[in-house]
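Participant: Quick one: structure below, then a few questions.
The values are calculated or read from the model by the stated rules, or taken from the named source; none is laboratory data. Since the structure is predicted, the reported quantities are computational estimates derived from the model, not experimental observations. Counting neighbours? That spans all protein chains shown, and the Cβs are built from the backbone with ideal geometry, glycine included.
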């Protein structure tokens, strides 16, 4: 193993839990009683407090950024230098340490399960801001994330304008009708599974088949037709099944495998909660106009669209950027040209780094 | 009601059943014992026998063409004139009168159900050709269809070269990896429904929720992001549900409705059978090369791609046309520019008629 700073960062220097110790009111009207945020810190804040970076995670991510985005810290990665203090916070509703449907409701002593209240991206970042305050972080040099992570970055910039110097949001915009429809169908798949049990399943008896199927459909939305064509075309499943005798095509075997892997590491009720939060993301909601919302932003913003992303089409991201510019935001739009679809933010780390690096402040340029 | 010829054609002049009266061997190795084809005839063959048109149907269609493609016969429609003899034949595997999974297996006296053998588009057209021969039809002036209907038209042209004068195939090509993957997921949704019962459900107790969900996903593939954006955007469900309080978005309500309607008129096992046939369509299979398959074609062919079709992308249809031209086929490619996706063949009848009419023989020009 190399002793380069990038390798030294693979494990967090600190991992812990935060709770406000009181009720946390939610945008949609519910309340979480003394919720927990699980967080991880890579490196340390410097004396000037100007090296803190918050990397926000997507649907299936966690506070442990290097676990799901290792290339960020690797040689040539955007955060290769060891001089940063990089924070990851598991979102509300998830199943990686923060309060979510699998957590015990202090009021009832039972798991929330299907009674977990509706949480929004706005709720997530409001509680994150309280944790960051508790950690005595006065300012974030950068908030960066993709997908639901990109939504959090934008929401932070709108809700806490003085707190964020730079924002990089990748493949994120309010979800369009096709995405809303496909998310809706995914939730129904989970609820169709006989093991669903109205959401009251035991943790080791979750609706695996429904969740696997939902994930498989999500994987279709995270990739692109072009990529699938290149990888699978009409080839038979690599294990040797014969489609003309009722066996699977290769793409079907791949999707099944992706689903099976996912159910080992994710909770069905969390999946429902986070796709609902994704659906509801709209940084303009609650403001009289897009201008009113975006003109609050003080951060420099870079929005990255992905050319083959059909869940969050590049045109939608570009249009969001145009609206920000119109509202006076120092906002740049860049396009990541890739056949990898929405997942390109993980699949094309070098191209992403080339796009984003010029935008980052001098101290962030590796 | 008008007494124009187009209106007079709305009901078939004859509707009947055909059976070869013997075993019918299938491409994948199975056998159907004395299967039935249900067919409908609009108009009559003329003395010269040169007015017969076969309109092939898509997944959820039937022999009664005017029921699902009424605009074909309406004023301005492609078959407006009453001088044609138009034939529709329900495909093997369907649930509209021809032998399918819901039929009784003469060998066992029970419904085939999940034991219905794998049928291909090739099987469908071989039995159709026998029916047409029985009807003393020596030649088809035109075979026209879209989606699975377009597949049948092409397969007929390859398998029965002297029998077809003109072919119009719309939105049809061998399915790509994304389409194969999404069809696979649809089949799994049906099989996830507790009412599935291994496919042995009673006809009035079919897996409604799974089938509705499969159809809803299929509807996403039949439409386009652009159309959904235009129709639904991020609006709440029109019945008044509030997404920010856990209710549905409009697109979700629409998809649910489409699914609910479909289960009233379609059988889950037929859905499995026909999506498998769609998956397996490849007119080149069984021939040493594309050239060897396509050079058999004697018909004039028009392939129509639909600009916003992401299930059968226009580029795939165009590429199929180019391969046919290379093999010496008199093949034209036209693109139907529409935001309606795969369904544009039904949704844009006037534009489709404008594209196709110049191609049709003089006697077919209305």
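Participant: Just for strands (runs of 3 or more DSSP E) wholly inside region A:1-113: which have at least 3 residues that are surrounded by 20 or more Cβ atoms within 10 Å (Cβ to Cβ), touching a strand residue (DSSP E or B) at 6+ places or on another chain (Cβ under 9 Å) and in contact (Cβ under 8 Å) with a residue 60 or more places away in the chain? Before you say what the answer is, go through the steps one by one.
Facilitator: On the way: elements: A:14-18, A:23-25, A:31-33, A:37-42, A:52-56, A:85-89.
So the answer is A:37-42, A:52-56.
Participant: For region A:297-323: of the residues being surrounded by fewer than 19 Cβ atoms within 10 Å (Cβ to Cβ) and part of a loop (DSSP other than H, G, I, E, B), which is nearest to the chain's Cα centre (by Cα)?
Facilitator: By that ranking, first place goes to A:307.
Matching residues to (1) more than 14 Å from every other protein chain (Cβ to nearest Cβ); (2) part of a helix (DSSP H, G or I):
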position	(1), (2)
A:137	yes, no
A:173	no, no
A:183	no, yes
A:198	no, yes
A:239	yes, no
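Participant: State which residue is surrounded by the fewest Cβ atoms within 10 Å (Cβ to Cβ) when the search covers only region B:200-216 and only residues that are part of a helix (DSSP H, G or I) and at the interface with chain A (Cβ under 10 Å from one of its Cβ atoms). Quick ask: steps written out before the conclusion?
Facilitator: Our first condition is that a residue be part of a helix (DSSP H, G or I); within region B:200-216, this holds for B:203-205, B:208-216.
With the extra rule that they be at the interface with chain A (Cβ under 10 Å from one of its Cβ atoms), the set shrinks to B:209-210, B:212-214, B:216.
Working: B:209: 21, B:210: 27, B:212: 27, B:213: 28, B:214: 31, B:216: 25.
Among those that are part of a helix (DSSP H, G or I) and at the interface with chain A (Cβ under 10 Å from one of its Cβ atoms), it is B:209.
Participant: Look at region B:244-296 and say how many of its residues are touching a strand residue (DSSP E or B) at 6+ places or on another chain (Cβ under 7 Å) and in a loop (DSSP other than H, G, I, E, B).
Facilitator: Selection size over region B:244-296: 1.
Participant: Does residue A:145 satisfy the condition of being outside any loop (DSSP other than H, G, I, E, B), at pLDDT 95 or above, more than 14 Å from every other protein chain (Cβ to nearest Cβ) and closer than 28 Å to residue B:235 by Cβ? Don't jump to the end; show me each part of the working.
Facilitator: Numbers: outside any loop (DSSP other than H, G, I, E, B): yes; at pLDDT 95 or above: yes; more than 14 Å from every other protein chain (Cβ to nearest Cβ): yes; closer than 28 Å to residue B:235 by Cβ: yes.
Here the answer is yes, as residue A:145 does meet what is asked.
Participant: Would you confirm, using the coordinates I've provided, whether residue B:325 is over 16 Å from residue B:172 (Cβ atoms), away from chain A (no Cβ under 11 Å) and without any contact (Cβ under 8 Å) to a residue 24 or more places away in the chain?
Facilitator: Answer is yes for this residue.
Participant: Got at least one residue in region B:223-234 being more than 10 Å from every other protein chain (Cβ to nearest Cβ) and at negative phi? Spell out the reasoning first.
Facilitator: From region B:223-234, those more than 10 Å from every other protein chain (Cβ to nearest Cβ) are none; that's our starting set.
No - not one qualifying residue is present in region B:223-234.
Conditions (1) surrounded by 15 or more Cβ atoms within 10 Å (Cβ to Cβ); (2) within 11 Å of chain A (Cβ to nearest Cβ); (3) farther than 22 Å from residue B:92 by Cβ; (4) touching a helix residue (DSSP H, G or I) at 6+ places or on another chain (Cβ under 8 Å), marked per residue:
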| position | (1), (2), (3), (4) |
| --- | --- |
| B:192 | yes, yes, yes, yes |
| B:251 | yes, yes, yes, yes |
| B:261 | no, no, yes, no |
| B:279 | yes, yes, no, yes |
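Participant: Follow-up question, since we're still on this one. Taking residue B:265 and the conditions (1) more than 13 Å from every other protein chain (Cβ to nearest Cβ); (2) surrounded by fewer than 19 Cβ atoms within 10 Å (Cβ to Cβ); (3) without any contact (Cβ under 8 Å) to a residue 40 or more places away in the chain, which numbered condition does it fall short on, given that it satisfies the others?
Facilitator: (3)
Participant: Of the residues that make up region A:80-95, is at least one modelled with pLDDT of 95 or more, in contact with a helix residue (DSSP H, G or I) (Cβ under 6 Å, 6 or more places away or on another chain) and within 19 Å of residue A:43 (Cα to Cα)?
Facilitator: Yes - at least one qualifying residue is present in region A:80-95.
Participant: Within region B:116-130, can you find the residues that are outside any loop (DSSP other than H, G, I, E, B) and either without any contact (Cβ under 8 Å) to a residue 12 or more places away in the chain or within 18 Å of the chain's Cα centre (by Cα) (or both)? Quick ask: steps written out before the conclusion?
Facilitator: Looking only at region B:116-130, we keep the residues that are outside any loop (DSSP other than H, G, I, E, B), and these are B:121-130.
Once the filter is applied, which keeps residues that are outside any loop (DSSP other than H, G, I, E, B) and either without any contact (Cβ under 8 Å) to a residue 12 or more places away in the chain or within 18 Å of the chain's Cα centre (by Cα) (or both), region B:116-130 yields B:121, B:122, B:123, B:124, B:125, B:126, B:127, B:128, B:129.
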